[in-house]
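Have a look at the structure below, then the notes.
The values are calculated or read from the model by the stated rules, or taken from the named source; none is laboratory data. Small disclaimer: the values here were computed from a predicted structure and weren't measured. Glycine also receives a Cβ, built like all others from the backbone with ideal geometry; neighbour counts cover every protein chain displayed. With ligands, DNA and RNA removed, areas are computed over all heavy atoms of the protein, side chains included. Shrake-Rupley method; radii C 1.70, N 1.55, O 1.52, S 1.80 Å.
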Amino acid sequence: MKPLKIEQRGCLLLLTITNPPVNVLSIGAGVVSALHETVVNAVGDPSVAVIAIRGDGRDFCAGADIKDFENAPDEVDRLRELFSVVDACPKPVVAMLHGNVLGGGLELALAAHFRIAAPDARLGFPEVMLGLLPGGGGTQRLPRRVGVARALEMMLGGKPVAAGQAADMGLVDAVLEGEAALAWVVARAESSLADRATTGPAAADSAALDVWRAKIAQRPSLGTARESIVACVEAATRLDLKQGLALERELFTELLLSEASRGLRHSFFAERKVGRLPGSEAKFETPTIASVAVIGAGTMGSGIVLALLNAQLPVTLIELNENALSAGVGRIAKAIDRDVAKGRLTNEKAAARKALLTTESTVDAAAQADLVIEAVFEDIEVKRSVFAQLDRIAKPGAILASNTSTLDVDRIADATQRPHQVVGLHFFSPANIMRLVEVVRGAATSAQTLAGALALVRKIGKVGVIAGNCDGFIGNRIFEEYLRQAYWLLEEGALPAQVDAALEAWGMAMGPLRTMDLAGQDIGWSIRKRRAVTQPNRPYSKIPDLICEMGRFGQKTGAGYYRYPDGRTPESDPEIDELVIRHSAQIGVERRVISDEEIVERCVFAMVNEGARILSEGIAHRSFDIDVIYVNGYGFPAERGGPMFYADRVGHAHIIERMNDFRSRREGWAWEPAPLIEWLVEHGETFADLKG
Ligand code: 3H9
């Protein structure tokens, strides 16, 4: 298919970008050259008086093709050349916008002389979320058209504006569609282009710039895209267009090559690829899921119900205990009401959501559901008995999912006569907020069941990652190794605040010890007790147990590694610092000064090493599956792409060298390098090179 459809209707040359699914301005697919050439030819064609550019399908254009940034970074200038040709075209060029008009798509529209938008158009600059700035003139043309304050809001907030709002701010000339839009375009044929006001500087607004500088300083990030956007917009108020564009190009190129943008771009594509079944495209129909039953109205169960209701799915909540049921329903109603109070939901929609919920007190009520999610107490026998009941009553094709976070999905499936229809759906808490769901594939889980479960996860706006069935699945298994190092660092010389601060400065949303305080230390305690029996040769530091023995389970008990005078904000606690120091003395470890660099390396490389094992065991199919889990479920910085992407960037030879150093020290047993990493070094390959 040609990437540009060209039609002449009288004096109108109508160009339609045809590059599905979202009409990106791809250099590789020839969209940019086709547009460029056609506009140049139209200038010399006396039969053309006006040119219109629009997009085929759902969207006008989602921007530059991000893949070009990897494949042809030196050619990005061809986009800029296209925009200059459009801007300088002596015949009127009108951008006819609809659907998504994003990034380079909006820059193309801004380079045109007129813009009209269909009511469904959404115009925005999301580049900041990729660690970039609008690099095709957006930072210069937008403030000249809508003013500095609005331009900053659009480029730094990254959220698109609707057509009506765009018209109000002068970003589009009219909101029109269909024949009326075409008539408006044809009427522009006689327009004089002499009064275009895009070349002088934008009106100064230092107050708006200062507001954003302060906001940026308050929330530091690993990349510098926000600072660069502010610098470009400030330049737009002083420089002429040509000089402003030169600065924008320079800063864009810097960002394009930055680690932060590479990591964010990796995350963008990884999130989109992760939900696909590895190996083969599904050769069967994905089961339709129109109704769901959830068994168990505890915190997890009610969070899952909320997530389903938010996606407008009818849900039957089943809970045998009357008090637990009314408490669960209360939690659900309260969360919906809170959305109304915060203006996120109208009363009408809230009522509609509540009306989708039915409550029942017997498992038999799940008989008609397309998918059942069991969220009862985390005990294998309890779960097995629920599944045995489900097996008797569920309709033939129903998917039977367990929300276990640790238990063996195969043993749960074994309780049924249809283990191929059983799957794990490990939601993260709070289930209505956290985006990640590990979709656990048991030995018998069929590809069809997996596809249905993934489709449900997508439908409720979450990211589903397929994980094999093992203790801890992907996320928690890696997290254990991360924590093991954090605890030993305490024994060897660091204090809780240093461990957390080092990892937070590196980009983790929350340090490991604060995370445990938030999650509740009792869970980790019971896992360590279990491990002491099943894995006696893989010891832990005793420090977390000592803290648990004091009844300090974290925020919920008002104290853990830290104390929480206001219930939420951690404060270093001299009592814990003393306990840590005393413990080192008791076990005969001479405390030493530990650098932040060592803290980060030990905690992060421990994740990478376990990630490599998980990959070679086939528990994760592809390295980006692990990355998506860590970025979406564990606060790993998206700017670093995830632990496996980060390892590829740092280099496996370096990682092996550091691991060998750690291996020669205390508790060196934990640093035996995963054979896969050694193999990568030997063959000069990366995790990304491995085929899933
Ligand atoms: C830019 O424009 C820089 C300029 O300023 C500089 C010029 C010099 N590139 O999300 P979906 C693919 S930077 C390449 O599942 P949805 C996506 O990977 C760009 N591919 O659909 C997926 O592929 P596949 C600024 C892209 O309906 C398919 O399209 N623009 C791009 O849920 C469908 O995507 C952005 O940051 C792209 N730009 O959401 C917008 N966009 O089918 C990024 C999408 O093989 N895009 N793909 O998995 C989006 O936000 C969403 O994709 C969108 C549609 C809202 C458009």
Seminar exercise, completed: For the range 481-689, the Debye formula with one identical point scatterer on each Cα and no solvent gives log10 I(q)/I(0) at q = 0.09 Å⁻¹ as -0.35
Exercise. What FRET efficiency comes out for the pair Ile380/Arg78, r = Cβ-Cβ distance, R0 = 51 Å, nearest 0.05?
Worked result: 0.30
Exercise. Taking Rh as the Kirkwood radius computed over C-alpha pairs, what is the Stokes-Einstein D of the range 292-469 at 20 °C in a medium of viscosity 1.002 mPa s, expressed in µm² per second?
Worked result: 134
For this session: Identify the residues of the range 527-556 with backbone N under 14 Å of a label point that sits 7 angstrom from the Cα of Ala324 along the Cα-to-Cβ direction, or state none.
Result: none
Problem set entry | Additional length obtainable on full extension of the chain from Val211 to Ala333, 0.36 nm per residue less Cα span | 40.2 nm
Seminar exercise, completed: Expressed in angstrom and ordered largest first, the alpha-carbon extents of the range 585-643 along the principal axes are 43, 27, 16
Exercise. Where does helix 31-43 land angle-wise versus the long Cα axis of the chain, in degrees 0 to 90, nearest 10?
Worked result: 10
Exercise. Any idea what the relative contact order of the range 392-460 is, in percent, if you count C-alpha pairs under 8 Å spaced at least 6 apart?
Worked result: 30
For this session: Can you tell me the 0 to 90 degree angle between the C-alpha axis of helix 206-218 and the longest principal axis of the chain, rounded to 10?
Result: 20
Seminar exercise, completed: Log entry: pair-distance distribution for the range 101-157, C-alpha pairs binned every 5 Å from zero, whole % per bin is 4, 20, 32, 28, 13, 3
Problem set entry | Added length on full extension, which subtracts the Cα-Cα distance from 0.36 nm per residue, Ala355 to Asp689 | 115.3 nm
Seminar exercise, completed: Tilt, helix 623-633 to longest principal axis of the chain (alpha-carbon atoms), in degrees rounded to tens, equals 80
Exercise. Can you give me the relative contact order of the range 284-365 as a percent, contacts being Cα pairs under 8 Å and 6 or more apart?
Worked result: 35
For this session: Take every DSSP beta bridge with both residues inside the chain and express the antiparallel ones as a percent of the total, to the nearest 5.
Result: 25
Exercise. Quick one: accessible area per residue over the chain, 1.4 Å probe, rounded to a whole number of Å²?
Worked result: 42
For this session: Give me the Debye-computed log₁₀ of I(q)/I(0) at q = 0.07, 0.09 Å⁻¹ for the chain, equal point scatterers on Cα only, no solvent, two decimals.
Result: -0.57, -0.92
Exercise. So, how do all the Cα-to-Cα distances of the range 4-257 break down into 5 Å bins, in percent, from 0 on up?
Worked result: 1, 7, 14, 19, 20, 18, 12, 6, 2, 1, 0, 0
Problem set entry | Distance histogram in 5 Å bins (all Cα pairs of the range 429-471, percent per bin) | 5, 23, 30, 21, 15, 5, 0
Exercise. How much length is gained on full extension from Arg344 to Arg9, taking 0.36 nm per residue of separation minus their Cα-Cα distance?
Worked result: 116.1 nm
Exercise. Can you give the relative contact order of the chain as a percent, counting alpha carbon pairs under 8 Å and 6+ residues apart?
Worked result: 9
Exercise. If you roll a 1.4 Å probe over the chain with all protein chains in place, what percent of the accessible area is carbon or sulfur?
Worked result: 53
For this session: For an R0 of 35 angstrom, estimate the FRET efficiency from the Cβ-Cβ distance between Ala203 and Asp566 and round to the nearest 0.05.
Result: 0.20
For this session: Take the Cα pairs of the range 62-191, get the Kirkwood Rh, then feed it into Stokes-Einstein at 10 °C and 1.306 mPa s and tell me D in µm²/s.
Result: 107
Exercise. What is the spin-label model distance, in nm, from Val593 to Arg458 if the labels are put 7 Å beyond Cα along the C-beta direction?
Worked result: 5.4
Exercise. Trypsin sites (Lys or Arg not before Pro), restricted to the range 292-374: which are DSSP loop and have at most 15 other Cβ atoms within 10 Å?
Worked result: Lys342, Arg344
For this session: Please calculate the 1.4 Å probe accessible area of Trp184, with all protein chains present, and give it to the nearest 10 Å².
Result: 50
Seminar exercise, completed: Mean shadow area (nm²) of the C-alpha convex hull around the range 67-116 is 3.7
Problem set entry | 20 °C / 1.002 mPa s Stokes-Einstein diffusion coefficient of the range 219-303, Kirkwood radius on C-alpha pairs, µm²/s | 120
For this session: Determine which residues of the range 3-45 fall in the zone a paramagnetic label at Ala174 would reach in this model, i.e. backbone nitrogen under 19 Å from the point 7 Å along Cα→Cβ.
Result: 9-15
